[in-house]
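Below you'll find the structure, written out as C-alpha cells, and then a few comments.
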Amino acid sequence: MTPKISFEFFPPQNLEASFRLWDTVQVLAPLEPRFVSVTYGAGGTTRDLTRDAVKTLHTSSGLNVAAHLTCVNASKAETLEIAENFAKVGVNEIVALRGDPPKGEGQFTPHPQGFANSVELIEALTETGKFTLRVGAYPDPHPEAANAQADVDWLKRKLDAGAEEALTQFFFEAETFLRFRDACAKAGIDGDKLVPGILPIENWKGARSFAKRCGTHIPAWVDDAFEKAVRDNREDLLATALCTELCDDLMQEGVDKLHFYTLNRPELTRDVCFALGLTPKVAFENVA
Ligand code: FAD
C-alpha cells in the first residue's frame, strides 16, 4: 500500500520566496497529492498573501488547493467574505481554525463581532454549503486543553459541526498518534477522519522550539539523536530516516493518509515519499 498524501505550504512574502514555493510545487506536484493547503499567518497577518497564493496555485498548478482560514482579528462578516472570495475563484476547500493569538498576546480573545471559537466558524461555513472543511487536531494535547479527553471531545464537536477530516499537529512517535486515534474511536470519531501531520525536520533548532511552543512532546532520544547529527553535519540524513520510519510505522497500523508540513522546501518531503514507495507521475510528452 502506498499512502495518499497532501502538502502544506505557506504564502511567500517576497519574490525570492515566490520562486522557492513554485520550485517546491514543481518538485512535489508529480507525486499527485490529494490536495495542497496554504496557511494563514498568525493573527491574520498574511490574509492578502494567502488569498494571492491560493488563487495562483489554483489557477496555475492544476492541484486541488485548500485555503487555511482563522477567526483571529476579524468580524464574522469579514471572515465569511474571505471564504466567499475563495469560493468565487473556485477554491472550495478550507482548513478552518480558531487560530493563535497575535504575537505578544497570551490568550485568544475573539473579535467583538467575530467567531468565538472554531466550532462557530465551522458551523457558519457549513451553512453556506460551499465548502469541504478540514480542521486541526492535537495528538499531544493542545496547550489550552483542560486535559487529553477534553481535546478529543472538542474535536468531536468540530467534526459534528460539519468538518470532514482532521489534520493533526506534528508529533515524533507513532505511538502518540495511535493512542490519540484510540481515544478518538472511544469518543465515536472514525479513525479514517484523522490524517497525521508529518514534519520532515530541516532544522532541528527551529523544529525543537516550535514543538515547545505548541506543546508537542520531544522524546529525549530524538533530541539526543539530532544533537549528534547536527554536530556531525548529518541532520538531513537523520531527518529522512526518522520521518520515513515514523510514516512506515503509521502505515503498518493502517494509516493510509499523510499530510506533510513542507515549509516550502521540497527535498526531504520528496525523499520520504520516494522511500514510502510513491513514484512521480511524469507526463508522457516530457519523457526524453
Ligand atoms: P481549537 O481546536 O478550536 O482549540 C484548540 C484547543 O483548545 C482544543 O483542542 C480544545 O482543547 C481547546 N478549546 C478551544 N476552545 C474551546 C472551547 N470553547 N471549549 C472547550 N475547549 C476549547 N494557525 C494559524 O494562525 N494559521 C494557520 O494557517 C494554521 N494552520 C494550522 C494547520 C493545522 C493542521 C494545525 C493542527 C494547526 C494550525 N494552526 C494555524 C495553529 C492553530 O491556529 C493553533 O493551534 C490554535 O491555537 C488552535 O486552533 P484550532 O482551530 O485547532 O483550535
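The values are calculated or read from the model by the stated rules, or taken from the named source; none is laboratory data. Everything numeric in this text was worked out from a predicted model, so none of it was measured. Ideal geometry is used to build each Cβ from the backbone, glycine not excepted, and the neighbour counts take in all protein chains shown. Heavy atoms of the whole protein, side chains included, go into the accessibility calculation; ligands, DNA and RNA do not. Shrake-Rupley method; radii C 1.70, N 1.55, O 1.52, S 1.80 Å.
Distances between placed amide hydrogens fall under 5 Å for residue 93 paired with 67, 132, all partners being 5 or more residues away or on another chain.
Counting only DSSP H runs of at least 4 residues, each contributing -39500 (n - 2.57), and dividing by the residue count of the chain, the helix-based mean residue ellipticity at 222 nm comes to -14000 deg cm²/dmol. Here the Gaussian network model covers the chain, with springs between Cα atoms less than 10 Å apart; of 109, 79, 269, 109 fluctuates the most. Our coupling estimate for the stretch 120-129, obtained by passing each phi through the Karplus curve with A = 6.51, B = -1.76, C = 1.60 and θ = phi - 60°, is 4, 5, 4, 4, 5, 5, 4, 4, 5, x Hz, Gly and Pro reported as x. In this structure, residue 109 and residue 210 have a Cβ-Cβ separation that, at R0 = 25 Å, corresponds to a calculated FRET efficiency of about 0.60. Computed over the alpha carbons of the chain, Rg followed by Dmax gives 18.6, 60 Å. Computed extension length for residue 275-residue 182: 30.7 nm, one decimal, from 0.36 nm per residue of separation with the Cα-Cα distance subtracted.
Going through the cross-link list 158/212; 4/193; 130/257, which pairs have a Cα-Cα distance over 18 Å in this structure? Beyond 18 Å between Cα atoms: 158/212; 130/257. If the chain linking residue 234 and residue 267 were pulled fully straight, counting 0.36 nm for each residue of separation and taking away their Cα-Cα distance, it would gain 10.4 nm.
When the solvent-accessible area of the chain is split by element, carbon and sulfur atoms take up 49 percent of it, the probe being 1.4 Å.
Its Cα centre serving as origin, the chain has a Cβ charge dipole (Lys and Arg +1, Asp and Glu -1) of approximately 460 debye.
Ordered by 1.4 Å accessible area with all protein chains kept, 155, 242 run largest first as 242, 155.
Count Lys and Arg as plus one, Asp and Glu as minus one, and take only other residues whose Cβ is under 13 Å from that of residue 260; the net charge is then +1.
With all protein chains kept in place, the per residue accessible area of the chain amounts to 49 square angstrom at a probe of 1.4 angstrom. A simple charge model with +1 on the Cβ of Lys and Arg, -1 on the Cβ of Asp and Glu and nothing else charged puts the dipole of the stretch 202-288 at about 400 debye relative to its Cα centre.
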